[in-house]
Amino acid sequence: MKNVLAIYPGSFDPVTNGHLDLIERGAKIFGRLVVSVLRNFDKEPLFTLDERVEMLREVTRPWPNVEVDVFGGLLVDYAKVRGANVILRGIRAVSDYEYELQMAMMNRKLNPDVETVFMMPAASYSFLSSHLVREIVRLGGPVTDLVPAAVEQRLRAKVL
Ligand code: PNS
């Protein structure tokens, strides 16, 4: 699949070690991986779009075939503009599957040429989410093994 361009979309508020684990797996399989941050999502984000992109660029530097971008509107439209026909999504546990399946099927209905590929992060990240990381930091707990050091620093600065 070295000639395949894949999009790894998400809100990344902030990027966690679970996201990075998936990026590493995706970068091994696909020729190019574009990590794309959703511009407008319903929830009020903790980090601005620029901050989320900056953190992703910093932590994905080790992978030369990984690019960070932003997108708005429909994911399948963005994938078409980028010339990508694979969307990469992570599944941590069975509980993720229902929502992910629904999204993958709807994206297939919107554009049958775009395939969704699911990968599983390491089991040690099966309980990890950006939402829980934000909550732990807000309540003064440790997130050392859950996010990259640069992200932890920014989280502390944001919450203090
Ligand atoms: O990290 P998240 O919040 O789970 O990512 C969700 C994301 C960005 C992949 C999803 O909300 C999305 O694709 N939004 C773009 C709008 C869109 O295409 N909606 C129809 C999906 S079926």
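The values are calculated or read from the model by the stated rules, or taken from the named source; none is laboratory data. The model shown is predicted, which means the values in this text are computed figures rather than measured ones. Counting neighbours? That spans all protein chains shown, and the Cβs are built from the backbone with ideal geometry, glycine included.
Kindly indicate whether VAL70 is in a strand (DSSP E or B), surrounded by fewer than 21 Cβ atoms within 10 Å (Cβ to Cβ) and within 16 Å of the ligand (Cβ to nearest atom).
Numbers: in a strand (DSSP E or B): yes; surrounded by fewer than 21 Cβ atoms within 10 Å (Cβ to Cβ): yes; within 16 Å of the ligand (Cβ to nearest atom): yes.
Yes, satisfied.
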Taking the range 87-105, which residues are surrounded by fewer than 12 Cβ atoms within 10 Å (Cβ to Cβ) and either near the ligand (Cβ under 9 Å from one of its atoms) or assigned to a strand (DSSP E or B) (or both)? TYR99, GLN102, MET105
For the structure I just gave you, tell me whether PHE47 is surrounded by 18 or more Cβ atoms within 10 Å (Cβ to Cβ), more than 25 Å from LEU146 (Cβ to Cβ) and touching a residue at least 24 places away in the same chain (Cβ under 8 Å). no
Considering the range 106-126 alone, what residues qualify as being within 13 Å of the ligand (Cβ to nearest atom) and assigned to a helix (DSSP H, G or I)? MET106, ASN107, ARG108, LYS109, LEU110
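Criterion first (loosely packed, with under 15 Cβ neighbours inside 10 Å and of a type in the set (Ser, Thr, Tyr)) does THR16 satisfy it?
no
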Please go through the range 24-40 and pick out each residue that is crowded, with 22+ Cβ neighbours inside 10 Å and either modelled with pLDDT under 95 or in contact with a Pro (Cβ under 7 Å, 6 or more places away or on another chain) (or both). SER36
